[in-house]
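Okay, so here's the structure we're looking at.
The values are calculated or read from the model by the stated rules, or taken from the named source; none is laboratory data. Computed from a predicted structure; not experimentally measured. Virtual Cβ from ideal backbone geometry, glycine too; neighbours counted across all protein chains shown.
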Amino acid sequence: MFFGKKGNGSSLKNMLLKGVFYEMEQYKADFVVCGGGLSGICAAVAAARHGLNVALIHDRPVLGGNCSSEIGISINGAAYNGGSASVYAREGGIVEEIKMKLLCHENNRDIVFFEIVYEEPNINLFLNTLITDVETENSRIKAVTCHQLASERQFRFEAPLFADTTGDGFVGYTAGAEFMQGREARSQFGEPLAPETADGYTLGDTLVFETTDTGRPSRFTRPSFAYDITKMPFFKNIGADKGLHRDIRRGPNGQIGGFWWLEYGGQLDTIYDNEDIALELRKLVYGMWDYIKNSGDFPDVETLKLARVAPIPGKRESRRFIGDHILTQSDVDNKVDFPDSVAISGWPMDVHAPKGIYDDGHATHWHFVAGMFHLPFSMMYSKNISNLMFAGRNMSATHVAFGSTRVACQGGVAGQAVGTAAALCKKYDMTPRQIRDRHFDELLTILLDEDQTIIGRREPMHPALSDVTLTASSVKSFENVNTKGMILLDKEYVLALPIAAGRIDSFQVKLKNFSSAPQSLQVELYGGFRPENYIPEFFIKSIEVPVAGGFNGWITLPAGCDDLPDGKLYVLFRPNSNLRLYANNDKLTGAVSFTTGEIDSTSTAKYKGLKRLFRLRAGKQPYTQICFANVEPEQPVYQVENLLNGYSRPYGLPNLWMSATNTPGEFVEFTFPNPTPVGELQLIFNTALEEDSVRPELFTDGVKRYTLRLTLEDGSVETERIDRCCQRVAKHRLDKAVKSIKIIFEETYGSKYFELFAIKIKAD
């Protein structure tokens with residue numbers, strides 16, 4: 001019995017046993033997605049939601065690929081652990097939906113991946129199903145044949161369109177799709193980060209392990225097949241003091257595990273040599289745990305137990321297909337705005353040492369990418385197989401650029417683009433290339449409407465919203481005055497202020513002079529060019545303000561700036577160890593505080609800015625803010641009109657409404673000039689877009705409880721109460737004509753303000 005729901009595809013119901021094999025079962029689908037990792041899940045879900053009959057084929061017993069419970073790789077993306085220069089870099093769309101489901105289900109990946117697939121009646125899911133052959137005809141894939149391992153059933157899937165999300169690219173490879181493998185020479189694409197000479201090296205594999213604290217002594221005996229790590233040649237390179245990114249450190253829960261740098265296989269063929277690589281990694285993992293547990297070099301590990309070693313390694317790189325566009329280092333460094341942009345990335349060009357743990361150099365060269373950049377649709381379909389698309393780590397990119405596109409969330413957003421394009425391919429009976437050439441605007445509009453993040457693209461507003469009257473109970477003033485704690489000016493700090501009025505004349509910060517002698521507060525002002533990022537790229541002026549001995553209070557800083565291309569002013573405070581700035585933990589979307597740091601010494605990426613910015617944190621607090629007040633002229637940053645400006649996330653300005661308090665009863669109301677049919681109402685909330693991982697302690701921005709109050713055509717009133725909202729996009733099916741809609745907010749997940757990015761309606 002296959003897992004899943006049979007759709008409208010035809011099958012041979014009467015399976016006849018012939019020897020040890022069952023008769024081939026025939027299935028026809030609109031779209032066949034080969035591979036059930038995050039990219040395949042998103043592709044299948046996107047296509048199914050647009051009405052396609054989808055077959056999702058996966059060769060493992062659980063969904064998720066590298067992100068599954070089987071392998072356990074982190075679900076990283078453009079926000080890379082809160083360190084992105086764009087700050088608000090979460091991907092949106094189906095990826096965001098999955099991340100919020102993970103929060104609701106306490107990060108149980110199996111539940112989340114199965115749920116989002118099983119919720120779609122148009123998806124037929126085939127698990128433990130290995131694709132064994134690919135039929136082609138006239139540079140098109142006609143069908144794939146499969147063997148389901150435990151059932152011994154055999155299937156043939158025929159469709160007009162296929163997606164290869166297998167990671168290794170078995171389907172495209174077998175079909176004859178052009179691909180690259182290994183490292184390209186520096187001269188081939190003009191990439192400074194590429195080696196002088198091309199070779200077959202790739203990124204290696206990692207076998208994830210996890211520990212748990214049993215609360216009592218736990219012993220471990222090294223198995224006979226495992227290495228004595230202390231006698232291995234690489235042992236001298238392990239430890240934070242070596243500066244080679246091979247640190248043995250505890251996680252936030254005090255446990256030890258993971259170690260992405262325990263890597264092997266890049267000098268081999270990660271496909272052909274897969275089993276040899278897996279065996280070597282087992283020897284390394286158990287040997288490493290023996291060293292941690294029994295060497296005496298690690299205190300407080302007596303009660304830790306090896307809870308799990310993944311049964312299969314996580315694979316980083318193998319084949320990369322060639323599309324109409326090959327993404328290169330230059331595209332990433334320069335953030336090329338492609339005419340067919342459909343998604344974002346922002347992960348560094350994370351190029352690991354090809355020999356992994358056996359390499360004497362850095363475990364990785366973390367080539368910093370200054371903010372988000374574009375991913376074009378033309379890197380997601382085959383150059384020579386007309387009905388083949390792909391998403392995940394086999395997308396069309398050089399080895400260097402692939403370092404930024406290979407992580408899970410980038411595969412997911414590419415998958416959503418591919419699945420959505422598949423629907424248009426069916427609608428117009430066209431190839432993916434023809435959709436790009438003839439109907440790309442429609443593809444873009446759909447993706448934006450479904451919350452896919454695409455840099456700088458404004459979402460079209462439904463005509464019914466053009467004449468609505470918007471009102472709100474209150475609006476947060478642009479200030480942060482609730483002081484809590486202080487920041488010693490022993491190093492540089494930066495305050496980024498969104499400027500909605502087009503200019504800023506002055507503002508105030510609160511500080512204390514701990515010296516009895518007069519001091520000088522030295523400030524530098526910078527501007528930037530890219531609204532999606534937080535990068536101070538050009539110097540404006542210096543300001544020096546005298547501070548009297550023992551002074552404690554607000555001080556005015558003259559700014560006088562009116563040419564801010566990215567809509568933000570960057571205020572750099574120079575060090576003075578006698579001064580402290582007042583701070584708090586009130587989070588104001590768009591106004592962000594940073595420390596500065598040098599670009600990673602292993603990076604050669606272009607960075608025009610002053611220095612790299614790192615979000616300011618205090619202990620276990622996810623954020624800390626420099627207090628500011630009395631910005632002149634007044635900055636209308638959080639006005640209710642932002643709900644209809646076409647942006648559903650920060651882009652230059654915050655682009656949201658924020659209430660003055662979190663008191664129950666704060667509201668937003670919009671009234672139509674005439675009763676208007678509304679099929680679906682969508683509310684776009686803030687869901688900690690600056691964080692890669694959605695952990696409860698980081699998720700404070702969201703609205704937890706609210707009530708919808710509808711005034712209908714006849715004047716009657718209907719209400720709907722939502723008690724535990726846990727999505728960025730909250731959808732409400734109305735199917736009625738309304739005169740007004742009022743959203744009454746009752747509780748947040750911790751924020752002192754209610755926040756709402758956008759209101760959308762579909763008047764079906």
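Which residues, counting only those in segment 197-211, are out of contact with any Asp or Glu (no Cβ under 8 Å at 6 or more places or on another chain) and closer than 13 Å to residue 313 by Cβ?
207, 208, 209
Give the number of residues within segment 203-245 that are small (Gly, Ala, Ser) and either loosely packed, with under 13 Cβ neighbours inside 10 Å or part of a strand (DSSP E or B) (or both).
4
Being touching a helix residue (DSSP H, G or I) at 6+ places or on another chain (Cβ under 6 Å) and small (Gly, Ala, Ser) is the filter here; which residues of segment 269-297 pass it?
If the condition is that a residue be touching a helix residue (DSSP H, G or I) at 6+ places or on another chain (Cβ under 6 Å) and small (Gly, Ala, Ser), then 287 is the only one that fits.
Taking segment 516-539 as the region of interest, how many residues are surrounded by fewer than 16 Cβ atoms within 10 Å (Cβ to Cβ) and either among the hydroxyl-bearing types (Ser, Thr, Tyr) or farther than 30 Å from residue 89 by Cα (or both)?
Total meeting the criteria: 4.
Looking only at segment 106-124, which residues are under 22 Å from residue 29 (Cβ atoms) and among the β-branched types (Val, Ile, Thr)?
Of all residues in segment 106-124, those under 22 Å from residue 29 (Cβ atoms) come to 113-124.
Once the filter is applied, which keeps residues that are under 22 Å from residue 29 (Cβ atoms) and among the β-branched types (Val, Ile, Thr), segment 106-124 yields 116, 117, 123.
Between residues in segment 267-293 that are closer than 22 Å to residue 360 by Cα and residues that are among the hydroxyl-bearing types (Ser, Thr, Tyr) and part of a helix (DSSP H, G or I), which pairs lie under 7 Å by C-beta distance while being six or more apart or on different chains?
291/230
Any residue at all in segment 534-545 that is within 30 Å of residue 337 (Cβ to Cβ), in contact with a Ser or Thr (Cβ under 8 Å, 6 or more places away or on another chain) and in contact (Cβ under 8 Å) with a residue 40 or more places away in the chain?
yes
Among the listed residues 328, 303, identify the single one that is modelled with pLDDT under 95 and either of a type in the set (S, T, N, Q) or within 25 Å of residue 390 (Cα to Cα) (or both).
303
Restricting to segment 710-764, and then to whatever is under 17 Å from residue 663 (Cβ atoms) and of a type in the set (Lys, Arg), can you tell me which residue is farthest from the chain's Cα centre (by Cα)? Break it down into steps so the answer makes sense when it comes.
First, the residues of segment 710-764 that are under 17 Å from residue 663 (Cβ atoms): 742-756.
Going one step further and asking which of them are of a type in the set (Lys, Arg), we end up with 742, 752.
Values: 742: 32, 752: 26 Å.
Among residues in segment 710-764 that are under 17 Å from residue 663 (Cβ atoms) and of a type in the set (Lys, Arg), the one farthest from the chain's Cα centre (by Cα) is 742.
When segment 368-399 is examined, which residues are found to be over 19 Å from residue 184 (Cα atoms) and either touching a Pro at 6+ places or on another chain (Cβ under 7 Å) or of a type in the set (Lys, Arg) (or both)?
368, 369, 381, 387, 389
Given the criterion touching a Phe, Trp or Tyr at 6+ places or on another chain (Cβ under 8 Å), of a type in the set (D, E, K, R) and either buried (at least 21 other Cβ atoms within 10 Å of the Cβ) or closer than 24 Å to residue 392 by Cβ (or both), identify the matching residue among 263, 275, 280.
After applying the criteria, what remains is 280.
Could you please tell me which pairs satisfy a Cβ distance under 7 Å, a separation of 6+ or placement on different chains, a first residue in segment 548-565 that is more than 14 Å from residue 628 (Cβ to Cβ), and a second residue that is loosely packed, with under 13 Cβ neighbours inside 10 Å?
Listed by first residue and then by second, the contacts come to 549/516; 549/517; 550/516; 562/502.
Could you list, in sequence order, the residues of segment 597-653 that are under 30 Å from residue 466 (Cβ atoms) and modelled with pLDDT under 80? Walk me through it before giving the result.
We begin by selecting, within segment 597-653, every residue under 30 Å from residue 466 (Cβ atoms); these are 633-653.
Within segment 597-653, none qualify.
Given the condition hydrophobic (A, V, I, L, M, F, W, C), more than 19 Å from residue 657 (Cα to Cα) and surrounded by 18 or more Cβ atoms within 10 Å (Cβ to Cβ), answer yes or no: does some residue in segment 465-478 qualify?
no
Quick one: which of 498, 518, 463 is within 31 Å of the chain's Cα centre (by Cα) and on the phi < 0 side of the Ramachandran plot?
498
If only one of 677, 673, 664 is out of contact with any strand residue (DSSP E or B) (no Cβ under 7 Å at 6 or more places or on another chain) and surrounded by fewer than 20 Cβ atoms within 10 Å (Cβ to Cβ), which one is it?
On the way: 677 fails: out of contact with any strand residue (DSSP E or B) (no Cβ under 7 Å at 6 or more places or on another chain); 664 fails: out of contact with any strand residue (DSSP E or B) (no Cβ under 7 Å at 6 or more places or on another chain).
Only one candidate passes the filter, namely 673.
Would you tally the residues in segment 566-578 being within 16 Å of residue 650 (Cβ to Cβ) and either without any contact (Cβ under 8 Å) to a residue 40 or more places away in the chain or assigned to a loop (DSSP other than H, G, I, E, B) (or both)?
Matching residues across segment 566-578 total 2.
Quick one: in segment 521-555, of everything that is over 16 Å from residue 571 (Cα atoms) and part of a loop (DSSP other than H, G, I, E, B), which residue is nearest to the chain's Cα centre (by Cα)?
Within segment 521-555, the match that is nearest to the chain's Cα centre (by Cα) is 532.
Please specify each residue of segment 156-202 satisfying the condition of being in a loop (DSSP other than H, G, I, E, B), under 30 Å from residue 420 (Cα atoms) and aliphatic (A, V, I, L, M).
Once the filter is applied, which keeps residues that are in a loop (DSSP other than H, G, I, E, B), under 30 Å from residue 420 (Cα atoms) and aliphatic (A, V, I, L, M), segment 156-202 yields 159, 161, 177.
Go through segment 205-247 residue by residue and tally those that are at pLDDT below 90 and within 19 Å of residue 73 (Cα to Cα).
Of the residues in segment 205-247, 1 are at pLDDT below 90 and within 19 Å of residue 73 (Cα to Cα).
Filter segment 337-350 down to residues that are modelled with pLDDT of 95 or more and part of a loop (DSSP other than H, G, I, E, B) and give me whichever is nearest to residue 690 (Cα to Cα).
Out of the qualifying residues, it is 337.
Please specify each residue of segment 111-131 satisfying the condition of being aliphatic (A, V, I, L, M) and crowded, with 16+ Cβ neighbours inside 10 Å.
The initial filter retains those residues of segment 111-131 that are aliphatic (A, V, I, L, M), namely 111-112, 116-117, 123, 125, 127, 130-131.
Within segment 111-131, 112, 116, 117, 123, 125, 127, 131 qualify.
Does residue 134 count as in contact with a helix residue (DSSP H, G or I) (Cβ under 6 Å, 6 or more places away or on another chain), surrounded by 19 or more Cβ atoms within 10 Å (Cβ to Cβ) and within 22 Å of residue 48 (Cβ to Cβ)?
no
One residue is enough: does segment 321-339 have a residue meeting the conditions under 30 Å from residue 235 (Cβ atoms) and touching a residue at least 24 places away in the same chain (Cβ under 8 Å)?
no
For the structure I just gave you, tell me whether residue 333 is surrounded by 16 or more Cβ atoms within 10 Å (Cβ to Cβ) and either closer than 14 Å to residue 376 by Cα or touching a Gly at 6+ places or on another chain (Cβ under 6 Å) (or both).
No: the conditions fail for residue 333.
How many residues are farther than 20 Å from residue 614 by Cα, in a strand (DSSP E or B) and not charged (D, E, K, R) if we restrict to segment 481-508?
Qualifying residue count, segment 481-508: 4.
When the residues of segment 287-303 are filtered to those that are among the acidic types (Asp, Glu) and over 16 Å from residue 254 (Cβ atoms), which remaining residue is surrounded by the fewest Cβ atoms within 10 Å (Cβ to Cβ)?
Pass one, segment 287-303, residues among the acidic types (Asp, Glu): 290, 297, 300, 302.
If we keep only those that are over 16 Å from residue 254 (Cβ atoms) too, we end up with 290, 297.
Details: 290: 20, 297: 11.
My answer is 297.
Quick one: in segment 77-89, which of the residues that are under 12 Å from residue 409 (Cα atoms) and at pLDDT below 90 is surrounded by the most Cβ atoms within 10 Å (Cβ to Cβ)?
In this case the residue turns out to be 79.
Within 18 Å of residue 31 (Cβ to Cβ), crowded, with 18+ Cβ neighbours inside 10 Å and aromatic (Phe, Trp, Tyr) - does that describe any residue in segment 176-193?
Checked segment 176-193: no residue is within 18 Å of residue 31 (Cβ to Cβ), crowded, with 18+ Cβ neighbours inside 10 Å and aromatic (Phe, Trp, Tyr).
When the residues of segment 693-722 are narrowed to those that are among the small types (Gly, Ala, Ser) and surrounded by fewer than 16 Cβ atoms within 10 Å (Cβ to Cβ), which ends up modelled with the lowest pLDDT?
Only one residue fits best here, namely 715.
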